[in-house]
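Below you'll find the structure, written out as structure tokens, and then a few comments.
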Amino acid sequence: MGGAGRLHVSAELAGVLERIDAIGGTLDERADAAEDAGRLPEDTARALLGTGIVRAGLPLHLGGYEFAPRQLVETAERVSYHDAAAGWTMFALQTMTGTTAAYLAGDAAAELFPDVPNGRHALLSGHGTRPGRAVPVEGGYRVTGRWQFASGMAHATHIHSAVEVEGTGELRVLAMPKAHVTLDGNWDVLGLRATHSVDYHCTDVYVPHEYTYVATTHTPVTGGALYRLGLVGMAAIGHTGWALGVGRRLLDELKRVAAARTGSRGAAVDTSQFHAAYATAEAGLRAARAWVHDVWRDVERTLDRDEPPSTEQDTLIRLALNHTTSTVYEVGRTVHRWAGSAAIRRGPVDRFLRDLGTGAQHITSSPVVLQNCGKVLSGARPDARWSFLDLS
């Protein structure tokens, strides 16, 4: 039985971060080619998987590292610092794969994750904000649907998708082989181009019941306290770490631009206005990061007591993500304003700004989520509970 006991704070964190940093230069060098291809090169993806970043989100019982939430934030932050598209791809695979391993029935999980330490396990990609239809039949469901934004699909072996059960309206999440769906190949965007976040669809595909689970579950079948966060809590970890990594890289890039231009004729970076703007952006990013760790430290203490997060804690998880994303978006505006031509010519500043502009549009950071957070924290909805990103 999963879900009981304390969080596992893994001793593997330092090793994973070191391995990510060791390939950081390669990620940077290949970023333009990955954008042109619309996906990470296969050897780059394998190198990233070899760092243990997906294994970090898998249950100990199956051979994963089962990092604690703040450790997972750091892994997403670190890889995203080197390449925003690679970071987005990996945290998406980490989230979908880890939750599938935790919430699927034991026999199904054992089949999909036979030898995690040696890399023999399923990798899942997919989406669930617009569920497909699942018609109950003997032993399972006949599934039809069309889904969007399957980040990391190029590297996945299996699909993670939400479906609504016909007749009951129950929301479930399924895992099925990628060969059972058709990829639409329509990821033509300005930013996060290398994430291969394509749409996909299927018609009347049989999925056994044991390869599905209730979408709103907070009770893992396999794994410990981490997985009591549920799907949205787990997803918030990756998105938050991603934004922090992108913000840090953008400010470091602006610092390099300033160093190269200072002392030249009419250099804007020599003005007091620039120095004040940089300091303001630095303060905003550092404050956002500190609050993220404060929120998650409190949640970790609750999970350690074998208790579920409170409604206020669930609200702060969502609000910290929303706030971090909006803060980093403002950091990006500062970088765009003061980086001059580096912000419009192809290179890391241009690429990270475009990736940020696309990533900030994600539904988890939408204005509606911010409004719902305000309803809870202001007392306007004292009895409300979160259902994914909505209040009930």
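The values are calculated or read from the model by the stated rules, or taken from the named source; none is laboratory data. Because the structure is a prediction, the values reported are computed rather than measured. Positions of Cβ are backbone-derived with ideal geometry, glycine not excepted, and every protein chain shown enters the neighbour counts.
The single condition from (1) in contact with a His (Cβ under 7 Å, 6 or more places away or on another chain); (2) surrounded by 22 or more Cβ atoms within 10 Å (Cβ to Cβ); (3) farther than 30 Å from Ala31 by Cα; (4) not acidic (Asp, Glu) that Arg172 fails is (1).
Need a quick list: helices (runs of 4 or more DSSP H) entirely within region 1-102 having at least 2 residues that are surrounded by 24 or more Cβ atoms within 10 Å (Cβ to Cβ), polar (S, T, N, Q) and modelled with pLDDT of 95 or more.
Values: elements: 13-22, 24-37, 42-50, 69-82.
Correct list: 69-82.
If you check Val116 against the conditions, is it of a type in the set (A, V, I, L, M), loosely packed, with under 15 Cβ neighbours inside 10 Å, touching a residue at least 24 places away in the same chain (Cβ under 8 Å) and over 28 Å from Ile363 (Cβ atoms)? So Val116 fails the test.
Residue-wise test of (1) within 30 Å of Pro348 (Cβ to Cβ); (2) assigned by TED's automatic domain parsing to the domain that holds Gly245; (3) touching an Asp or Glu at 6+ places or on another chain (Cβ under 6 Å).
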{"site": "His8", "(1), (2), (3)": "no, no, yes"}
{"site": "Ala22", "(1), (2), (3)": "yes, no, no"}
{"site": "Arg39", "(1), (2), (3)": "yes, no, no"}
{"site": "Leu58", "(1), (2), (3)": "no, no, no"}
{"site": "Leu72", "(1), (2), (3)": "yes, no, no"}
{"site": "Arg78", "(1), (2), (3)": "yes, no, no"}
{"site": "Thr95", "(1), (2), (3)": "yes, no, no"}
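One residue stands out in region 308-345 among those that are surrounded by 17 or more Cβ atoms within 10 Å (Cβ to Cβ) and among the charged types (D, E, K, R): the one that is farthest from Ser392 (Cα to Cα), namely Arg318. Residues of region 354-384 that are more than 30 Å from Ala194 (Cα to Cα) and surrounded by fewer than 18 Cβ atoms within 10 Å (Cβ to Cβ): Gln371, Gly374, Lys375, Leu377, Ser378, Gly379, Ala380, Arg381, Pro382, Asp383, Ala384.
Residues to consider are Arg261, Arg228; find the one that is of a type in the set (Lys, Arg), touching a residue at least 24 places away in the same chain (Cβ under 8 Å) and over 23 Å from Gly64 (Cα atoms). Give the derivation first.
Working: Arg228 fails: over 23 Å from Gly64 (Cα atoms).
After ruling out the rest, the residue left standing is Arg261.
Scan Arg301, Arg354, Arg286 and give me the residue that is out of contact with any helix residue (DSSP H, G or I) (no Cβ under 7 Å at 6 or more places or on another chain), in a helix (DSSP H, G or I) and in contact (Cβ under 8 Å) with a residue 12 or more places away in the chain. Checking each option against the conditions leaves just Arg354.
Are any of the residues in region 153-161 in the same structural domain as Glu66 (by TED's automatic domain parsing), free of Cβ contacts under 8 Å to residues at least 40 places away in the same chain and under 24 Å from His218 (Cα atoms)? Outline the logic, then answer.
If we filter region 153-161 for residues that are in the same structural domain as Glu66 (by TED's automatic domain parsing), which is where we start, we get none.
So far as region 153-161 goes, no, none of its residues is in the same structural domain as Glu66 (by TED's automatic domain parsing), free of Cβ contacts under 8 Å to residues at least 40 places away in the same chain and under 24 Å from His218 (Cα atoms).
Hey, does region 33-48 have a residue that's among the hydrophobic types (A, V, I, L, M, F, W, C), in contact (Cβ under 8 Å) with a residue 40 or more places away in the chain, under 30 Å from Ala290 (Cβ atoms) and in contact with a Gly (Cβ under 9 Å, 6 or more places away or on another chain)?
No, region 33-48 contains no residue that is among the hydrophobic types (A, V, I, L, M, F, W, C), in contact (Cβ under 8 Å) with a residue 40 or more places away in the chain, under 30 Å from Ala290 (Cβ atoms) and in contact with a Gly (Cβ under 9 Å, 6 or more places away or on another chain).
When region 57-92 is filtered for residues that are touching a Leu at 6+ places or on another chain (Cβ under 6 Å) and over 27 Å from Asp252 (Cα atoms), the ones remaining, listed by number, are Gly64, Glu66, Ala68. Applying the set (1) in a loop (DSSP other than H, G, I, E, B); (2) of a type in the set (Val, Ile, Thr); (3) farther than 24 Å from Thr44 by Cβ to Val163 leaves exactly one unmet item: (1). Filtered by the rule that a residue be among the β-branched types (Val, Ile, Thr) and farther than 21 Å from Ala37 by Cα, region 178-205 gives Val181, Thr203, Val205.
For every residue, the table says whether it meets (1) within 30 Å of Asp270 (Cα to Cα); (2) out of contact with any Phe, Trp or Tyr (no Cβ under 6 Å at 6 or more places or on another chain).
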{"site": "Tyr329", "(1), (2)": "yes, yes"}
{"site": "Trp338", "(1), (2)": "yes, no"}
{"site": "Gly347", "(1), (2)": "yes, yes"}
{"site": "Gly359", "(1), (2)": "no, yes"}
{"site": "Ile363", "(1), (2)": "no, yes"}
{"site": "Val368", "(1), (2)": "no, yes"}
{"site": "Val376", "(1), (2)": "no, yes"}
{"site": "Gly379", "(1), (2)": "no, yes"}
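Is it fair to say Thr280 is in the same structural domain as Trp386 (by TED's automatic domain parsing) and touching a strand residue (DSSP E or B) at 6+ places or on another chain (Cβ under 8 Å)?
On the way: in the same structural domain as Trp386 (by TED's automatic domain parsing): yes; touching a strand residue (DSSP E or B) at 6+ places or on another chain (Cβ under 8 Å): no.
It is false that Thr280 is in the same structural domain as Trp386 (by TED's automatic domain parsing) and touching a strand residue (DSSP E or B) at 6+ places or on another chain (Cβ under 8 Å).
Being over 23 Å from Leu58 (Cα atoms) and either in contact with a Leu (Cβ under 9 Å, 6 or more places away or on another chain) or not aliphatic (A, V, I, L, M) (or both) is the requirement here; does Tyr206 meet it? Yes, satisfied. Listed by position, the strands (runs of 3 or more DSSP E) contained in region 166-246 that have at least 3 residues being not β-branched (Val, Ile, Thr) are 171-177, 198-208.
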